[in-house]
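Accompanying notes for the structure given below.
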Amino acid sequence: MQKSHITENADGTKRSLSNRNVQMIAIGGTIGTGLFLGSGTTISKTGPSILLVYLVLGIFFFLMMRAIGEMLYSDPSQHTFVSFIARYLGPTVGHFTGWTYWLGLTFCGMAELSAISTYTQFWFPNIPAWLIQVVFLGILVSVNLIAAKIFGEAEFWFALIKIIAILALIVTGIFMMTSHSLTPLGHASVQNLFHHFSMFPHGGLSFISAFPMAFFAFQGIEFVSITIGEAKTPHRIIKKAVNETLLKILIFYFGAMIVIMGIIPWTHLTPQSSPFVQVFKLAGLPAAAAFINFVVLTSASSSLNSFIFSAGRHFYQLATELPKESWMHQHFAKISKSGVPAAAIKISALLLLVTPLLSLTSATGAVFTIVAGSSNDMYIIVYALVMIAHRKYRESSDFLADGFKMPWYQFTSPLTIAFFAIIFMTLFFIPQDIVGALGAIAWTIIFGGITYLHQRSMVSANADN
């Protein structure tokens with residue numbers, strides 16, 4: 001297949017994202033506060049065996065991305081992987097998945113916007129949270145409305161800050177471990193990983209519960225597929241982004257985890273504090289807390305930026321799939337002169353304005369937590385559906401025998417689907433995740449049923465006409 005050199009798509013969107021933009025968007029969307037702040041929690045649950053958890057998850061996420069990459073390689077004009085679910089599993093499943101994924105993105109965006117105000121108040125405690133949220137949201141929406149290239153450049157620099165922080169940690173840790181630096185916790189050494197080693201230090205249940213926690217740390221890696229529709233040379237970038245991005249992410253996660261546990265014996269790590277802050281303080285950096293706060297602030301901003309980009313494309317995709325005479329199609333299936341789905345971006349941002357309203361009262365906090373948890377759990381179902389859609393693609397006339405094929409498909413495809421099912425089942429072993437998992441099931445049954453009935457009524461109406 002020839003490489004695409006088209007600079008503008010048929011719908012008016014522009015192919016302005018380079019390979020470095022796409023790579024950084026994927027890395028930036030995946031490496032976030034889960035590593036900088038939450039890694040203490042996962043390590044405290046499993047100790048050094050957390051490396052095995054990340055390795056297993058990394059393999060299955062790679063396989064999922066290869067499945068998505070194979071479909072995108074056959075048709076790189078699509079703005080979202082959800083379009084393949086609609087194509088191969090039918091409009092009802094596609095519509096359900098599109099709305100589910102879009103709502104999941106908006107709730108994740110709300111969580112990131114809330115985090116941004118918390119991190120900003122580290123330096124400016126007297127500025128109200130709602131004002132910080134409105135200002136940041138306004139800036140990032142403007143970035144997304146100007147052009148995809150501007151979004152790509154913003155993500156590049158946001159992600160670069162995170163990568164520099166991780167590399168600084170790894171370099172600092174290597175120096176401390178090779179020189180056997182003495183800290184209040186003992187000598188820094190890679191031997192700390194094997195001291196008191198146990199595969200299940202806190203029991204099998206703690207080890208199992210680490211899987212969904214680490215799973216959500218990888219959430220967002222599929223953003224790379226959402227950028228392909230606006231990438232300069234999609235066929236080349238699909239291969240590079242899918243094959244290289246996950247490897248880079250694993251290197252960053254593995255490198256950071258090894259260094260953290262080499263400097264701080266894993267038995268001393270607690271969920272209450274950031275391991276990054278602890279390492280830099282032990283290395284003699286007095287401003288460690290302020291530095292990591294800056295990193296997580298840019299990390300949350302990066303994630304919110306990606307969520308706005310992705311939510312806008314998904315809402316646009318939903319609008320294009322509706323009949324042309326429908327109100328939603330007429331208003332949101334449009335591309336602006338700058339080559340972005342501006343109306344779809346604006347409606348997605350409008351929903352995010354719920355966050356500043358929530359910050360004015362604490363009464364709705366519990367409801368928001370339950371809904372956000374349910375939407376997060378829905379991602380597992382979405383990932384499973386895209387894998388099933390890939391199986392249908394393999395049986396269709398669209399299948400490219402000489403394309404970018406998923407390796408060992410006959411074995412790896414059903415294994416990946418089974419793995420996602422197991423991850424969802426593990427949620428019921430974790431008390432704080434049970435409500436979210438039940439909410440995800442309820443959403444699937446209720447909204448899925450409503451979508452099915454709506455689609456049937458549309459088909460009947462068309463048949464009568």
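Per the conditions (1) farther than 29 Å from Met65 by Cβ; (2) buried (at least 19 other Cβ atoms within 10 Å of the Cβ), the sole criterion not satisfied by Ala311 is (1).
Residues of the stretch 229-248 that are at pLDDT 80 or above, within 18 Å of the chain's Cα centre (by Cα) and of a type in the set (Val, Ile, Thr): Ile238, Val242.
Within the stretch 72-83, residues that are under 15 Å from Asn9 (Cα atoms) and assigned to a loop (DSSP other than H, G, I, E, B) sit with their Cβ atoms under 8 Å from residues that are modelled with pLDDT of 90 or more and acidic (Asp, Glu), at 6+ positions apart or across chains, in these pairs: Asp75/Asp398.
The set of residues from the stretch 194-236 being closer than 21 Å to Tyr379 by Cα and touching a His at 6+ places or on another chain (Cβ under 8 Å) comprises just one member, Ile226. For Phe404, the criteria (1) surrounded by 18 or more Cβ atoms within 10 Å (Cβ to Cβ); (2) at pLDDT below 85; (3) not in a helix (DSSP H, G or I) hold in every case but one, which is (2). Can you find even one residue in the stretch 178-195 that is at pLDDT below 80 and among the aromatic types (Phe, Trp, Tyr)? No, the stretch 178-195 contains no residue that is at pLDDT below 80 and among the aromatic types (Phe, Trp, Tyr). A single entry from Ile161, Ile150, Ile139, Ile132 fulfils the requirement of being over 23 Å from the mean Cα position of the chain (by Cα), closer than 19 Å to Phe307 by Cβ, in a helix (DSSP H, G or I) and of a type outside the set (Gly, Ala, Ser): Ile132. Exactly one residue out of Gly203, Gly186, Gly220 is buried (at least 22 other Cβ atoms within 10 Å of the Cβ) and either of a type in the set (Gly, Ala, Ser) or free of Cβ contacts under 8 Å to residues at least 12 places away in the same chain (or both): that is Gly220. Among the residues of the stretch 320-329, those identified as at pLDDT below 90 and in a helix (DSSP H, G or I) are Thr320, Trp327, His329.
Number of residues in the stretch 287-325 that are among the basic types (Lys, Arg) and touching a residue at least 40 places away in the same chain (Cβ under 8 Å) equals 1.
Just one of Lys162, Lys149 is touching a Ser or Thr at 6+ places or on another chain (Cβ under 8 Å), buried (at least 22 other Cβ atoms within 10 Å of the Cβ) and in contact (Cβ under 8 Å) with a residue 12 or more places away in the chain; which is it? Exactly one of Lys162, Lys149 is touching a Ser or Thr at 6+ places or on another chain (Cβ under 8 Å), buried (at least 22 other Cβ atoms within 10 Å of the Cβ) and in contact (Cβ under 8 Å) with a residue 12 or more places away in the chain, namely Lys162. For the stretch 367-377, state whether one or more residues are at pLDDT 90 or above and either outside any loop (DSSP other than H, G, I, E, B) or over 29 Å from Glu70 (Cα atoms) (or both). Within the stretch 367-377, not a single residue is at pLDDT 90 or above and either outside any loop (DSSP other than H, G, I, E, B) or over 29 Å from Glu70 (Cα atoms) (or both). Which of the residues spanning the stretch 262-306 are crowded, with 17+ Cβ neighbours inside 10 Å, in a loop (DSSP other than H, G, I, E, B) and at pLDDT 85 or above? Once the filter is applied, which keeps residues that are crowded, with 17+ Cβ neighbours inside 10 Å, in a loop (DSSP other than H, G, I, E, B) and at pLDDT 85 or above, the stretch 262-306 yields Ile264, Pro265, Ala283. Scanning the stretch 48-68 finds one or more residues that are in a helix (DSSP H, G or I), modelled with pLDDT of 90 or more and closer than 23 Å to Pro341 by Cα. Scanning the stretch 42-92 for residues that are within 21 Å of Gln410 (Cβ to Cβ) and either among the hydroxyl-bearing types (Ser, Thr, Tyr) or in contact with a strand residue (DSSP E or B) (Cβ under 7 Å, 6 or more places away or on another chain) (or both) yields Tyr73, Ser74, Tyr88.
The values are calculated or read from the model by the stated rules, or taken from the named source; none is laboratory data. Quick caveat, the model's predicted, so the values are computed rather than measured. Virtual Cβ from ideal backbone geometry, glycine too; neighbours counted across all protein chains shown.
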